[in-house]
Amino acid sequence: MESMTQKTITVLVVDDNPTNLNVLFDYLKSSGFKTLIAENGEEAICHAERALPDIILMDIMMPGLDGFETCHRLKQNQLTMHIPVIFMTALYETQNIIRGFNVGGVDYITKPFQQEEVLARIKKELMIQQQKKELMTLNTQLTQLNETLRRLNQTKDKFFSIIAHDLREGFSTLFECSRIIAQSSSKPTDGNIIQTLSQEMMISSQNTFRLMENLLYWARIQMATIDYNPTPIDLYALFPKTFQTNTPLPVQNDLNQQDINLDDTHEHALDHLSVLKYKAQRKDIQLTHSIEPQTMVIADIQMVDVILRNLISNAVKFSNPKDHITISSKTQDNNVMVLIKDSGIGMPSEVLDIIFNIDSKYKRIGTSGEQGSCLGLIICKELIEKQNGQIGIESKENQGTTVWFTLPKG
């Protein structure tokens, strides 16, 4: 009873004998309890539903609804079923005592009762109820902790699964290309082979590095060490001029720093867009955007960069040669929606329900054999929701995919 003072405890006394009611009312009130009284079963049920007392002292022998039936009805009611009922009875037969327990009573007091005994039994039962509540609270906390541990285990399993498979795949390409170049360096060879292998090494290195970045970024998200620094961002300024409206991606392999309308602190975006640009060129994919200047959002620039990099990379990965990828935006009330649409291989409908689940086993190879872990999508979802946005996917197999996400309008 340490967390429940007697002044906060309400006792409902039910008895058709006015003398008993008055005696108990005075005694319980003087002991510090808030006390309610009822002279019959119907009145007791009304008081219990309205006041939800902490405990009920119930006489058995009453006209109309007796104590057994009243208790039974209270236990059938969702509002009152958890209120403990102590019977007050002059019936000493064992069968009556057992019947009282069977209808939901927790204890009984024999008449004529001693006031000290009444108080002791009330305190005992309230202590039991308090312990039950504390146990339920502990069970809830334990359930939440188990769920947290389950998610952490899933995260750990996913992490090591990706390391074991995807990183090994990336380094295998690097090792094989390095071996062939080393063997070819001591004898005349076609320069085109060296150039092709060098390009493959570069792409494999970039893919592996990007995967490593995602893994490290994801680990920071799980450990809650990612800072959220929202600022006004012009989405139009995040794309180089080569991504401008209805302008096909050029054949050149380099980008000029002036093509990016970003400040010096965001130069990493140049490298990421260059990699995406080169990947699209290798598959002869047209990559355009129709985002208007001054399309402002309130977001974290680094998070937005990670989101765009992963979503555009996925669009390139699952697009066929000569396909077209478009990036657009539209304003919706207080949000800006960004849409990345491709005409690639798409996904079956049943995959859309599990694609963001960390424990999903779904994997799909890109149109040029690119590996995928779905980790990028999971990171995007967590980063977008951290910025009060939403993400969704619309896709049909062999008919392309549209990934959309929203951010607060600036």
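The values are calculated or read from the model by the stated rules, or taken from the named source; none is laboratory data. Just so it is clear, the model here is predicted, and its values are computed rather than measured. Cβ: placed from backbone, ideal geometry, glycine included. Neighbour counts: every protein chain shown.
Residue by residue, here is whether (1) assigned to a strand (DSSP E or B); (2) within 27 Å of G32 (Cα to Cα) holds:
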position	(1), (2)
T70	no, yes
I83	no, yes
I109	yes, yes
E134	no, yes
R150	no, no
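Residues to consider are V85, V23; find the one that is under 43 Å from the mean Cα position of the chain (by Cα), of a type in the set (A, V, I, L, M, F, W, C) and under 23 Å from K123 (Cα atoms).
Of V85, V23, the one residue that is under 43 Å from the mean Cα position of the chain (by Cα), of a type in the set (A, V, I, L, M, F, W, C) and under 23 Å from K123 (Cα atoms) is V85.
Would you check if I384 is more than 13 Å from T401 (Cβ to Cβ) and crowded, with 18+ Cβ neighbours inside 10 Å?
Yes, satisfied.
With P53, P84 as the choices, which residue is touching a Gly at 6+ places or on another chain (Cβ under 9 Å) and touching a residue at least 12 places away in the same chain (Cβ under 8 Å)?
Every option except P84 fails the conditions.
Please go through the stretch 23-40 and give me each residue that is surrounded by fewer than 18 Cβ atoms within 10 Å (Cβ to Cβ) and within 14 Å of P112 (Cα to Cα), ordered by number.
V23
If I filter the stretch 116-171 down to residues being among the small types (G, A, S) and surrounded by 12 or more Cβ atoms within 10 Å (Cβ to Cβ), which single residue comes out as modelled with the highest pLDDT?
A120
Do we have any residue at all in the stretch 38-55 that's assigned to a strand (DSSP E or B) and of a type in the set (K, R)?
No.
Which of the residues spanning the stretch 23-37 are in a strand (DSSP E or B) and in contact with a Ser or Thr (Cβ under 8 Å, 6 or more places away or on another chain)?
K34, T35, L36
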